[in-house]
Amino acid sequence: MAGSTLRFSLLLAAAFAGRATALWPWPQYIQTSELRYTIFPQSFQFQYHLSSAAQVGCSVLDEAFQRYRDLLFGSVAFRFPHPIEKRHTSEKNSLVVLVVTPGCDQFPSLGSVENYTLTINDEQSLLLSETVWGALRGLETFSQLIWRSPEGTFYVNKTDIEDFPRFPHRGLLLDTSRHYLPLASILDTLDVMAYNKFNVFHWHLVDDSSFPYESFTFPELTKKGSYNPATHIYTAQDVKEVIEYARLRGIRVLAEFDTPGHTLSWGPGVPGLLTPCYSGSHPSGTFGPVNPALNNTYEFMSTFFLEISTVFPDFYLHLGGDEVDFTCWKSNPDIQAFMKKKGFGDDFKKLESFYIQTLLDIVSAYGKGYVVWQEVFDNKVKVRPDTIIQVWREEIPVKYVKELALVTRAGFRALLSAPWYLNHITYGPDWKEIYLVEPLAFEGSPEQKALVIGGEACMWGEYVDSTNLVPRLWPRAGAVAERLWSNKMVSNLDFAFKRLAHFRCELLRRGVQAQPLSVGYCDMEFEQT
Amino acid sequence: MEQRGLARLRLPGLLALLAALAARTPRVSASGDLNLWPLPVSLKTTPRLFYLSPGNFFFGHSPTSKAGPSCAVLQEAFRRYYDYIFGFYKWHHGHNKIPSEMELQKLEVSVIMDPECDSFPSITSDESYTLLVKGPVATLTANRVWGVLRGLETFSQLIYQDSYGTFTANESNIVDSPRFPHRGILIDTSRHFLPVKTILKTLDAMAFNKFNVLHWHIVDDQSFPYQSISFPELSNKGSYSLSHVYTPNDVRTVIEYARLRGIRVLPEFDSPGHTESWGKGQKDLLTPCYHAREPSGTFGPINPILNSTYSFLSKLFKEISTVFPDEFIHLGGDEVNFNCWVLDMISTMKKRSIVWQEVYDDEGKLLPGTVVQVWKMGDFYKELENITAAGFPVIISAPWYLDVINYGQDWRQYYSVKPLNFAGTPEQKQLVIGGEACIWGEYVDATNLTPRLWPRASAVGERLWSPQEVTDLDDAYRRLTRHRCRMVRRGIAAQPLFTGYCEHEGRM
């Protein structure tokens, strides 16, 4: 271990030397030199290696080549070089991509291999990866290696990179219920996620405030539960577009339909679904969580989640399960009677468990896995051993570090979000705190640590909509991205600051409204439209 | 009618009388669905509705008005407000026939005194107006064009689309004037450069909120983007890059754009501290710091012992006093001992000075009439009491540092500030000429300025414009939520106050 630490820090020092080393997130292994190659935009090409499993016609890579060409060189047209044109060894006219396993038409999954190696030297300019997903990560890295001299010439330095993610689940949560986010905001976010090597878009689609997901089995949900059923909704076409846009960038879409709490917006469209709250012996006219005492509820959930399981291709669904308020259940005589019948006594956690277990059985039967918020674990709901528990509470019932230990000791896989609620803002460079989180800094066996599959940056929507989403998200979420991708030892703040400041200017250049880390400037500032 | 500040601020005859009758408490009769921000001094509406058709509505001058079609401030404003009111719908000509007795066809504008069409707004500019909304001709009356501008904004806010999409206004009678004459936004273009477009956008949003001063903190330690005619090396060497510079033409553009919206541009050239960037283009200006007996290679504030310093400053400020037409120059003077010589110099240029509170705290003696800006949060009420007791006019900023951010609805705290809540005589209170919302630039540039500023600054806008009795937070929340949607519709990426939605979401 000590040996590898030493080797690693030497590499960091070496990396500082070159100017093409402003990579974000930092790769697992990198060696660069001062030796540089010129790139001529007109003649530069991304090419498939003859023995690559992916060839022309591979949607994921064909599209990626196009995207990265545009990002790097703008609208400079490609011209086939004249055959007798002299080739200089100091020029690079292509990046050759070799993918080992076919799979251009699949969806990325939790098990997708994202490793790649990138070799730029006199002999070759090669991106080698097991899968197309790894190739996507490598293309992003390659795009960050290219730099431009003040005279406008493009260069890439002699470089060797071997890279792979530290955690397989690197997510970003957007909340489209508290505020509706236009489709374009979501698609733009997926682009920036790819720049940061995020690979999961956790889509918190619906909540108390509104129900923008247009269900074809229950169209009344959106008709009555959205902010505006004509404009503030996601049609089936929109959802398909998000999923495909994400797939092309190697990003999974993890859809969340949170129940039994956080469901007020479901009520108007599905009469009888929510629990009527009582004031004394009369219904008060307000509603609480989903009514767990009725068979109708489970029939509805069966049909609804059958649709959801079909619409969203990812193996996992997020079923929520957080912050269930028992007050309304307690007030309702039908619920009280149901409790008695089931022998739950006064323990409403048992009622919650009953609901969630039934729901999990429904979803399991559709061949899906599931992620739930930590309360499901805290309240000792019996869940399948392959359930993923998302840890979001910082202090309660225990500090999140301790919670990770508990969850993994019980043998469940865990996702960390607690320290990464990016909707919380304060004055100053809070990215540092975000960056310094160490997800495995809890007491536990190596087996336990292996159960932490990653984490998510969360941008809840109470105070966020399309007016402020982008600057609030970037580059702060970038700090999470590097923590989840790069080696644990990459934690030096000065090193990170230098690269992140550079990366945010690169984001501006790519048209992303990423806010500043500190005083200073970018060559290309954000221009108001 | 409260009158603030400077002795020569006098509200001319006729309107003063009207205002005095109407002032007292704001009344919202038949409140309906009004989304006005900031709330006017007096507002009466009836349930009677008038309808407007984009193809059959126009702004015009009353035959008795002192201003006519040659008045650029008004002609430009007519065009802007037509756009704000009818927006996307202006090309829909096929209007459903409105019975003529229910149609509002014209807003007739009347300026009573010399309109000041070609002047710059000043601290004493009269912004009062009266607005009568009725059919077929509504009237907007003001002493000067500045009042017309404020009235046009109010008029545009009175018009809404009913559920059939028809442009509608309630019969209304509004008498309005500002509580404080200095209502500013401070932007900082040194810590981060703000492109001119961003500044112009900010001026638009300021006009929507009846702000009237752009306090342009143009240079500081980090960079010197102001391109000086007399000392071009200052920005050649002191700016972030040659594309991060405000040329004389840029500055003129900002000043004129502001003027057309009734907004003053108050330039700040902060010295003698906060001047690191000046040193790069002006040799020997800054004090070399010593480490033991050797110069350490670093520099401190402006060097006060050299004659060259004074000839440089005198020439620079002479230029600034010509380039910026406003009567006031902000001389900074914060966080370091200030040299009163600069104040004297400014007064010889027929300009008046504004300084940060330290200059008063440290020196105590200032030229009479120097305005002191209070920014330290500490006990700012005590500071207001002291400075006004010494007879100096003050501007309040301490509770309104909007670059300091928190999770949640911090606008409530800005809104609830009571500017005159300090011990003092009525004469002392008169010396509070207004306030400024400050958005310092350490963590702010063009990417996040707009959503961070709006609608949080709107809370300050209403506090400085509306009568002091306007304090109901629930009503403010209701109005401000809609006002922010209105700003979004007009292209300002104002962030949400809380969960909810706008009919037209921003797509930034």
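Brief remarks on what is shown
- Test result for residue A:396, within 18 Å of residue A:419 (Cβ to Cβ), in a strand (DSSP E or B) and without any contact (Cβ under 8 Å) to a residue 40 or more places away in the chain: no
- Checked against (1) acidic (Asp, Glu); (2) at pLDDT below 95; (3) within 24 Å of residue A:496 (Cα to Cα), residue A:433 meets all criteria but (2).
- Neighbours by Cβ (under 8 Å, 6+ apart or cross-chain): first from the stretch A:56-67, aromatic (Phe, Trp, Tyr); second in a helix (DSSP H, G or I): A:65/A:139
- Residues (among the hydroxyl-bearing types (Ser, Thr, Tyr) and away from chain B (no Cβ under 14 Å)) located in the stretch A:194-212: A:195
- Criterion (open to solvent by 50 Å² or more (accessible area, probe 1.4 Å) and touching a residue at least 24 places away in the same chain (Cβ under 8 Å)) met by exactly one of B:367, B:453: B:367
- Of residues in the stretch A:462-475 being under 19 Å from residue A:502 (Cβ atoms) and more than 14 Å from the chain's Cα centre (by Cα), the one farthest from the other protein chains (Cβ to nearest Cβ): A:475
- Criterion: within 14 Å of another protein chain (Cβ to nearest Cβ), surrounded by fewer than 24 Cβ atoms within 10 Å (Cβ to Cβ) and of a type in the set (Val, Ile, Thr) - qualifying residue of A:490, A:512, A:437, A:452: A:512
Here's the yes/no breakdown for (1) assigned by the TED database to the domain that holds residue A:393; (2) surrounded by fewer than 24 Cβ atoms within 10 Å (Cβ to Cβ); (3) under 19 Å from residue A:426 (Cα atoms):
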| site | (1), (2), (3) |
| --- | --- |
| A:456 | yes, no, no |
| A:473 | yes, no, yes |
| A:480 | yes, no, yes |
| A:495 | yes, yes, no |
| A:505 | yes, yes, no |
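- Restricted to the stretch A:213-241, and to residues there that are small (Gly, Ala, Ser) and surrounded by 16 or more Cβ atoms within 10 Å (Cβ to Cβ), the residue that is nearest to the other protein chains (Cβ to nearest Cβ) is A:226.
- Residues that are within 13 Å of another protein chain (Cβ to nearest Cβ), surrounded by fewer than 22 Cβ atoms within 10 Å (Cβ to Cβ) and under 19 Å from residue B:38 (Cα atoms) do occur in the stretch B:474-484, at least one of them.
- Residue in the stretch A:147-193 that is nearest to the other protein chains (Cβ to nearest Cβ), counting only those that are in a loop (DSSP other than H, G, I, E, B) and modelled with pLDDT under 95: A:150
- All positions within the stretch B:488-499 that are more than 7 Å from chain A (Cβ to nearest Cβ) and more than 19 Å from the chain's Cα centre (by Cα): B:489, B:497
- The residues of the stretch B:226-253 that are of a type in the set (S, T, N, Q), within 13 Å of residue A:521 (Cβ to Cβ) and in contact with a strand residue (DSSP E or B) (Cβ under 9 Å, 6 or more places away or on another chain) amount to a single one, B:239.
- Listed by position, the helices (runs of 4 or more DSSP H) enclosed by the stretch B:211-302 that each have at least 2 residues that are hydrophobic (A, V, I, L, M, F, W, C) and under 30 Å from residue B:178 (Cα atoms) are B:248-259.
- Residue within the stretch A:302-309 that is more than 17 Å from residue A:356 (Cα to Cα) and open to solvent by 30 Å² or more (accessible area, probe 1.4 Å) present: no
Residue-by-condition table, conditions (1) among the acidic types (Asp, Glu); (2) farther than 22 Å from residue B:233 by Cβ; (3) surrounded by fewer than 21 Cβ atoms within 10 Å (Cβ to Cβ); (4) at pLDDT below 95:
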{"residue": "B:258", "(1), (2), (3), (4)": "no, yes, no, no"}
{"residue": "B:263", "(1), (2), (3), (4)": "no, yes, no, no"}
{"residue": "B:285", "(1), (2), (3), (4)": "no, no, no, yes"}
{"residue": "B:308", "(1), (2), (3), (4)": "no, no, yes, yes"}
{"residue": "B:319", "(1), (2), (3), (4)": "yes, no, yes, no"}
{"residue": "B:324", "(1), (2), (3), (4)": "no, no, no, no"}
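- Selection of the stretch A:141-190 for residues being closer than 30 Å to residue A:450 by Cα and basic (Lys, Arg) yields A:166, A:170.
The values are calculated or read from the model by the stated rules, or taken from the named source; none is laboratory data. Please read all numbers here as calculations on a predicted model, not as lab measurements. Ideal geometry is used to build each Cβ from the backbone, glycine not excepted, and the neighbour counts take in all protein chains shown. For accessibility, only protein heavy atoms count, side chains too; no ligands or nucleic acids. Shrake-Rupley method; radii C 1.70, N 1.55, O 1.52, S 1.80 Å.
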